[in-house]
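Peer 1: Input: one structure, supplied below.
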Amino acid sequence: MRLSNHLKPIALGLSAFLAVTGCAAASETSYYSGKPWEVVLHVPEAQNERPYCAFRTSLWETRSISIEKMIVAGDEMATALRVRKESWQLPGNQTTTVGAYTLIGMVEVPMKSIGKQELYSDVPAVPVLQYNIVIGAMLNSVLAARQPQPLTIKFSGDEPLWTVPELDRFQAFEMNDAFKRCGLDLRGLHSKTEQDDSSQEVTSPFGAASSAGQPPAQPSASSQPLAAPSDWEFYTRDEDWGHACFAQTHHGIVMVGFMASPGKGLVGFVSSLFSGDTRATWHVDDKPAYVSDGGESDYFGWHEFGQLPTELLEQMSTGKELAVTGAKGERIAVSLRGASSSILKFKECFEKP
């Protein structure tokens, strides 16, 4: 199911703002801007803070409810709840319980005051999985496909109930799609950060006892030269239709890549650049360009483009830059430095019988 562009209040511009907690600068990218909810990707400036996708209220000026997804250890996606009101004067580092009425009844979330005006579900005694289930029930209720529900928050003290009116079905569909796309870009941002960190960190698969007293290894005269560093990654995954192969890279929040399965055609994909059905030109350096029609994937949330030949992969293996240009002038260009290794693994993967 797709909606016409005029039903998509999605702003992809990047805006600077002051974070709610403290004065550290941060950036936010909007994926859906409307009432009573909005969807944004929040990227803090401080290195010790995690970026997150926020599904938060836009209904009130002095208070807000925010359901947030972030990536924690082991690439696990965790969910948190943040509640804020400007007139609060909360005791520091104290815990309380906040309840929310959902389709399955009332769920309770333990929360901690992290400032005078804010509660956050960051209580170490509660497992991440439990948070994901409880807070996920709140989100699923608001975005229920058949009948989106209002969200009512109940506090343990004398704070009155907070009620957010229900979305209509079209809004729920659009916001669910926006939150999925934000999650894809969040994973891309996390992957890029991990690659940057790993390029500076020296690690070892051996314990301290095994390496103690050993001199540093010297390179052999017959050693092969190191491969050129690359932002391209190859991986495989079992999807609903079977085994799938992927090769992809990121440029900011935009992800560009290819997907294929044994015996099936090559599909290119781009996230966070296009809207609605479109036509794009795929071009490597001064090589022949390829034009493909594409649209939003209901499964992944990105834009998919078929009708792409495997010759494009051959061009990429020896090229310097891949550019994808839309019919409306949207354009993304990504480096192909060191991409040949990932492209080769990708081809071997989907060309297997």
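The values are calculated or read from the model by the stated rules, or taken from the named source; none is laboratory data. Quick caveat: nothing in here was measured; it's all calculated off a predicted structure. Every residue, glycine as well, gets a Cβ built from its backbone with ideal geometry; the counts of neighbours run over all protein chains shown. Ligands, DNA and RNA are excluded from the accessible area calculation, which covers all protein heavy atoms including side chains. Shrake-Rupley method; radii C 1.70, N 1.55, O 1.52, S 1.80 Å.
Peer 1: Name every residue in the range 250-261 that is part of a loop (DSSP other than H, G, I, E, B) and closer than 24 Å to Leu344 by Cβ, in order of residue number.
Peer 2: Looking only at the range 250-261, we keep the residues that are part of a loop (DSSP other than H, G, I, E, B), and these are 252-253, 261.
Ser261 - this is the single residue of the range 250-261 that is part of a loop (DSSP other than H, G, I, E, B) and closer than 24 Å to Leu344 by Cβ.
Peer 1: Looking only at the range 186-205, which residues are closer than 30 Å to Gln147 by Cα and either modelled with pLDDT under 85 or among the aromatic types (Phe, Trp, Tyr) (or both)?
Peer 2: Taking the range 186-205 first, the residues closer than 30 Å to Gln147 by Cα are 186-187.
Selection gives Arg187 alone.
Peer 1: Then there's this: In the set Leu59, Leu41, Leu3, which member is at pLDDT 90 or above and assigned to a loop (DSSP other than H, G, I, E, B)?
Peer 2: Leu59
Peer 1: Something else now. How about the range 262-353: which strands (runs of 3 or more DSSP E) wholly inside it have at least 3 residues that are open to solvent by 20 Å² or more (accessible area, probe 1.4 Å) and within 22 Å of Cys245 (Cα to Cα)?
Peer 2: 290-296
Peer 1: Of all residues in the range 132-188, count the ones that are exposed (fewer than 15 other Cβ atoms within 10 Å of the Cβ), of a type in the set (Gly, Ala, Ser) and in contact (Cβ under 8 Å) with a residue 60 or more places away in the chain.
Peer 2: Here the count works out to 2.
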